[in-house]
Amino acid sequence: MSAKKENAILRAARDLFTRHGLRKTTIQDIAIAAGIGKGTIYSYFDGKEEIFSAVIRQESEILMELIREAVDREKKPQKKIEAFVRTKINYLNSFENFSRITRKFISEHERFARKDLEAHRDKEVALMTAILRQGIEERVFSIKKIPTAALFLVILLMEFYLTWIEQEQILDLDEGLEEFLYILFKGIEKR
């Protein structure tokens, strides 16, 4: 089996899923877009759901790499968190329709994606944990339970974005991100 063919299948599938959704995209559509025969796809994947899961895994890996690169460019822990947040939201927003489809797919086919999404979440939590530890060491953050706080921030950020796309963008995304970061760093209590 060729990695080149598999990547062609995944690229074609991602583009089709983004434009037409999971339900309306067929194996035949993917084969045509990838420039291969329909039977060839079945030598790589059992079906459309497995292809979709592979696309989610691939996109998660790309996103994680982009987040790490953005975080690594920053020195201060506050700027690292901001880089994390902005990179994730901007990447997801560039595939807004794919994000919507992914959310729907997960709710309908949780067993296909749960393990991969949990693995991705765990990587994000590990990175956020490291950033929070740095902030505590540098005495700019005050956190009681670092792993809990890291998990909470990762989940909260994803829910912020998913709610935003499901609510037909009733809130300007940049404005929402600014408020998210303000509350994160400044809190809501009057001082």
Breaking point among (1) closer than 22 Å to residue 158 by Cβ; (2) under 18 Å from the mean Cα position of the chain (by Cα); (3) crowded, with 19+ Cβ neighbours inside 10 Å; (4) modelled with pLDDT of 90 or more, for residue 14: (4)
Just to be sure I understand, how many residues within the stretch 67-94 are closer than 16 Å to residue 141 by Cα and either of a type in the set (A, V, I, L, M) or within 15 Å of the chain's Cα centre (by Cα) (or both)? 1
Single unsatisfied condition, residue 76 versus (1) assigned by TED's automatic domain parsing to the domain that holds residue 132; (2) of a type in the set (Lys, Arg); (3) modelled with pLDDT under 95: (3)
Looking at 83, 8, 70, 54, can you tell me which residue is out of contact with any Phe, Trp or Tyr (no Cβ under 6 Å at 6 or more places or on another chain), among the hydrophobic types (A, V, I, L, M, F, W, C) and not assigned by TED's automatic domain parsing to the domain that holds residue 157? 8
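The values are calculated or read from the model by the stated rules, or taken from the named source; none is laboratory data. It should be emphasised that the depicted structure is a prediction, and the values quoted were computed from it without experimental measurement. Every residue, glycine among them, receives a Cβ derived from its backbone with ideal geometry; neighbour counts consider all protein chains shown.
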